[in-house]
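Notes follow once the structure below has been shown.
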Amino acid sequence: MNLTILGASGGTGLQLTRQALERGHTVVAVARDPRRISVPDGTRLTRIAADVLDAARLAEALRDSTTVLSGLGISGGSGPGVLTAGARAAVDAGARVIWLGAFGTGATAQAAGGFTRNLLRTFMKSEMNDRVTACEVVTDSGGTVFHAGPLADTPLSASRRTLSVEEAPRRFFPARVGRATVAAAMLDEAESGSRPGRTVIPVD
């Protein structure tokens, strides 16, 4: 399978890239600075420099994509609307999109409970609309959104599961989940296509 990874130089994007290559897929890894994609070169890996907010360059990077997985996040240097821009570009390319969002926003806001919702509103502030809109763009197109709790750099869980929103554990604060586990769950969905148009929750 040919996969395109957006945000391939970040923590989750690197996990997506590494695991996709380990599974035997051909990967186009897209990042603002492809030199930061710290995986060995190989015949199945192509690195492309593109900024999500450069619409023309991103469209060119995604031109032949059939499946796009996103490790995009928001950092201090990100411009406004970066996630929505990435989601729209992936959808406009005609690709099936597997997206990473935050548990407690949008479709999982009620499942997360009042404490988590208020905490996210406080810390995400102006980012909240961008996160929610990006996820809606993906699910409306038939893609799949993974809403993860706080991310940790822990090993891949052998007991990982992907839950529906209705199955979300009721907790005062969301459980941490490993980036490796999240990446594996997203790749499972890319390979199976079993949850189109849905928001789901990866857990260790």
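Computed over every Cα-Cα pair of segment 85-168 and binned at 10 Å starting from 0, the pair-distance distribution P(r) comes out as 16, 45, 34, 6 percent. Computed from Cα positions, the angle between helix 179-192 and the longest principal axis of the chain comes to roughly 70 degrees. With all protein chains kept in place, the per residue accessible area of the chain amounts to 47 square angstrom at a probe of 1.4 angstrom.
A full extension of the chain between THR122 and ASP54 corresponds to an added length of 21.6 nm, given 0.36 nm per residue minus the alpha carbon distance.
Within the assembled protein chains, the solvent-accessible surface assigned to LEU119 is about 50 Å², based on a 1.4 Å probe. Note that segment 1-66 carries a Kirkwood radius of 11.6 Å, evaluated over its alpha carbons pair by pair. Checking (1) 1.17; (2) 1.02; (3) 0.94 against Rg/Rh (Cα atoms, Kirkwood Rh) calculated from these atoms, the matching label is (3).
Computed over segment 134-204, the quotient of the alpha carbon radius of gyration and 2.2 N^0.38 Å is 1.07.
What FRET efficiency do you get for SER38 and ARG161 if R0 is 25 Å and r is their Cβ-Cβ distance, rounded to the nearest 0.05? Each step should come with its number before you reach the end.
Details: r = 29 Å, r/R0 = 1.15.
About 0.30, to the nearest 0.05.
The values are calculated or read from the model by the stated rules, or taken from the named source; none is laboratory data. Since this is a predicted model, take the numbers as computed values, not measurements. Cβ coordinates were reconstructed from backbone atoms using ideal geometry, including for glycine residues, and neighbour counts include every protein chain displayed. Keep in mind that these areas ignore ligands, DNA and RNA; they rest on the heavy atoms of the full protein, side chains included. Shrake-Rupley method; radii C 1.70, N 1.55, O 1.52, S 1.80 Å.
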